[in-house]
Structure formats: structure tokens, C-alpha cells
Amino acid sequence: MAVAADAYRQGKIVKWEKRSYAENSKETKNWIVYQLQTENTTYSIARHKENKPEMQIGESVQYELRKKNQINVIDARGRKREYQIVGQAAGPGQ
């Protein structure tokens, strides 16, 4: 288990906002997009079923980058969720 824990890094939620996305050609839905600040990058992350904030600004989280556009996040309450990376920018260390 220690090996799996080592794959996670520390990050912080610095912002969240409600945005719209197209579910299909006729339907638009809202989702929460978080700004996850890491050592080198700030990721915009979201998941389709989340339409109210589950994490708060200033919350410390652990994250693990998965595939090209996926990230696992463990929030301050220990809940693990998979998010989609919908954007990224250079972080404070850049």
C-alpha cells in the first residue's frame, strides 16, 4: 500500500465555478470545474455527475495523474474520485 500512496502528490483547490457543457446536440448540462493548483501546474478538472461543489476553496487534496486527460483526487475527507482534465496552465513554480 505504501507504493500506491507514493504515487499521490499534494495539491490545493484554489477556485471552483459552475460551467456548462454539451451533453449531446440538443442538451446542455452544468458541472463544477475546479482549479487544482499543484507544484508546477494548475489543472481545471471536472466530472460529469458533479453539479454542486464537493470540494472547497483552500482545501488540500492529494492527486494522481492517470491517462492523458484523467486525474484521481482524494479530498480532505478521504473520498477518492476520478476527474477529467478540461484545461491546464503553468502553475506558481513556472
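Please treat every number below as a calculation from the coordinates, not as lab data. Here the structure is a predicted model, which is why all the values come from computation and not from measurement. Note that we place each Cβ from the backbone using ideal geometry, even for glycine, and neighbour counts take in every protein chain shown.
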Spin-label model distance (nm) - T28 vs K12, 7 Å beyond Cα toward Cβ: 3.4 nm
Under 16 Å from the Cα of K12 - lysines, other chains or at least 8 residues apart: K80
Cut-off under 5 Å, modelled amide H: who pairs with R66 long-range: I71, N72
Cα-based reach from K67 at 14 Å (exclusive), listing aspartates and glutamates while leaving out same-chain residues under 8 positions away: E82
